[in-house]
1. Residues that are of a type in the set (D, E, K, R), open to solvent by less than 40 Å² (accessible area, probe 1.4 Å) and under 19 Å from residue 55 (Cβ atoms): does the stretch 99-115 have at least one?
2. Where residues in the stretch 68-105 are modelled with pLDDT of 95 or more and of a type in the set (D, E, K, R), which of them is nearest to residue 26 (Cα to Cα)?
3. Can residue 136 be described as modelled with pLDDT of 95 or more and open to solvent by less than 40 Å² (accessible area, probe 1.4 Å)?
4. Can you report the number of residues in the stretch 111-164 which are hydroxyl-bearing (Ser, Thr, Tyr), more than 21 Å from residue 82 (Cβ to Cβ) and not in a helix (DSSP H, G or I)?
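The values are calculated or read from the model by the stated rules, or taken from the named source; none is laboratory data. From a predicted model like this one, the values you see are computed outputs, not experimental measurements. Glycine gets a Cβ as well: all are built from the backbone with ideal geometry, and neighbour counts include every protein chain shown. Side chains included, ligands, DNA and RNA excluded: accessible areas come from the protein's heavy atoms. Shrake-Rupley method; radii C 1.70, N 1.55, O 1.52, S 1.80 Å.
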Amino acid sequence: MKVLPYRIGHGYDVHALGEGLELWLGGVRIPHTKGCIAHSDGDVAIHALCDAMLGALALGDIGQHFPDTSDEFKGIDSRILLRRVNGLIRGHGYEVANADITIAAQRPKLAGYIGRMRETLAGDLEVDVSQVSVKATTTEHLGFTGREEGIAVWASVLLAVAQE
């Protein structure tokens, strides 16, 4: 793999919502009547972030590394997946310079959880909290997110050659 000073990656993920499931976003449990339907814990924000990190180094996507057909990953805490991806990125000589995540969900309101998400993700990425941005938006009741059928997340990441 050619070593460049910076690499940019973009990730996108969607999960349908189901009644009575726990909702995890950015490594934080959010009280809500619905949660993401998934093979893992369904943390759609972490899944998009992992895809962005893997994409930056052309290492495929989260499904290639952690297939939803494997019992090993059934119900797994997505923070474990994020730490593994971070280890892979660091093993290739890079680290996260910054990450920017946008969560689209009509409900629940997420503003009160953004700080905890940023702290949790920064800890798992081994970076300062100032290097991780998390934003939440609604879709003004439009589309599947507006109808509260699912949550969509976009993530962008800048990787830099790791400082020794």
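1. At the first step, the residues of the stretch 99-115 found to be of a type in the set (D, E, K, R) are 100, 107, 109.
Going one step further and asking which of them are open to solvent by less than 40 Å² (accessible area, probe 1.4 Å), we end up with none.
No, the conditions are met nowhere in the stretch 99-115.
2. Only one residue fits best here, namely 79.
3. Numbers: modelled with pLDDT of 95 or more: yes; open to solvent by less than 40 Å² (accessible area, probe 1.4 Å): no.
When the stated conditions are applied, residue 136 does not pass them.
4. Quick first cut of the stretch 111-164, residues hydroxyl-bearing (Ser, Thr, Tyr) only: 113, 120, 130, 133, 137-139, 145, 156.
With the extra rule that they be more than 21 Å from residue 82 (Cβ to Cβ), the set shrinks to 137-139, 145.
Okay, now just the ones that are also not in a helix (DSSP H, G or I), so 137-139.
Here the count works out to 3.
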